[in-house]
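A.B. asks: Structure incoming, see below.
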Amino acid sequence: MLPTASWQAALVACPRTVRLCLIQKDLDMKTRPIHPWPVRLTHWVNAVGMVCMFMSGWAIYNASPLMPFTFPKILTLGGWLGGSIAWHFAVMWLLVINGLVYVLYSVFSRHFKRDLLPVSPSQVKRDMSDALHFRLAHVKGQYNAVQRLMYWLVLIMGVLVVVSGLAIWKPVQFQGLVALLGGFDFARWVHFGAMTAIGAFVIVHLLLVMLVPSTLLPMITGGRQPNEDGAAKP
């Protein structure tokens, strides 16, 4: 049993603990996470997966280059062509499942509607002009029109990567898909081009994080922002 002094200290501490719990509960009802945990989880799984896909993809590319250059061996994954293909396919399924989880969550939680819509040409033009003149304001927890457009474009590129990847992987079984993409060789170009676009997005994404480092912590901890409808969010 605890000494009497310890019990007395615990009893004295209880009201303060209860008050803190009530304050925290009130805060939780008035705010919501900047990035809910499903968004954070899928983001970091995607980050690790994309690194593996790039590195294994570069090794596969090196075996049959599309252009007169190859990627340094130190930046590749798998050790040899068969190993790189095994890595590529294994991580592919991880990213497909992760992507489906993200899309389903974003639809049913209204993440797409609340955070990534609308995207109008006038908003994009205005925010792009402000960004080029270093006048674009950053509001924590809110995506500007340029960010929203980039996220939609990278989602489209992700679909294109999957479709072209299937055509390259099983050209006989998916010969209709291969024909739709203009043939096997052009499907390789589509795959490489879409991955290059995603790589460019990643570079811009990292540069923006370095310019506004305060955006990194909420993607780890979730962060808090005012809740518009007063109801707690996941």
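A.B. asks: Can you tell me the order of 41-50, 197-206 when each peptide is scored by its average per-residue count of other Cβ atoms within 10 angstrom, highest first?
C.D. replies: Ranked from most to least packed, the peptides come out as 41-50, 197-206.
A.B. asks: How big is the stretch 135-200 on each of its three principal axes, counting only the C-alpha atoms and giving the largest first in Å?
C.D. replies: That gives 50, 16, 15 Å along the principal axes, largest extent first.
A.B. asks: Based on the alpha-carbon gyration tensor of the stretch 36-216, what equivalent-ellipsoid semi-axes (square roots of 5 times the eigenvalues) come out, in whole Å, largest first?
C.D. replies: Semi-axes (√(5λ), whole Å): 31, 18, 18.
A.B. asks: Moving on to the next point. Once you have the Cα-Cα distance between Ala137 and Leu180, take 0.36 nm times their residue separation minus that, and quote the gain in nm to one decimal.
C.D. replies: Using 0.36 nm per residue and subtracting the Cα-Cα distance, I get 11.2 nm.
A.B. asks: Work out, in µm²/s and without decimals, the Stokes-Einstein translational diffusion coefficient of the stretch 164-208 at 10 °C, 1.306 mPa s, Rh from Kirkwood over C-alpha pairs.
C.D. replies: Once the numbers are plugged in, D ends up at 142 µm²/s.
A.B. asks: Moving on to the next point. For the pair Val107 and Val159, how long in nm is the line joining their label points, each one 7 Å along Cα→Cβ?
C.D. replies: So the label points at Val107 and Val159 sit 1.1 nm apart.
A.B. asks: Here's something else I'd like to know. Work out from phi, with θ = phi - 60° and the Karplus expression 6.51 cos²θ - 1.76 cosθ + 1.60, the ³J(HN,Hα) of each residue of the stretch 133-138, listed in order in whole Hz, and give x for Gly and Pro.
C.D. replies: 9, 6, 10, 6, 6, 10
A.B. asks: Rounded if a/c is under 1.5, else prolate if a/b beats b/c, else oblate: with a ≥ b ≥ c from the C-alpha gyration tensor eigenvalues square-rooted, which is the stretch 52-91?
C.D. replies: Judged from the Cα gyration tensor, the stretch 52-91 comes out prolate (a/c at least 1.5, a/b above b/c).
A.B. asks: May I pose another question? Taking H placed 1.01 Å from N in the peptide plane, check which residues at least 5 places from Arg32 or on another chain put their amide H under 5 Å from its amide H.
C.D. replies: Answer set, sorted by chain and number: Gln225, Asn227.
Here, each number is a calculation from the coordinates, and none is a lab measurement. No experiment lies behind these values; they were computed from the predicted model shown. Backbone-built Cβ (ideal geometry, glycine too); neighbour counts: all protein chains shown.
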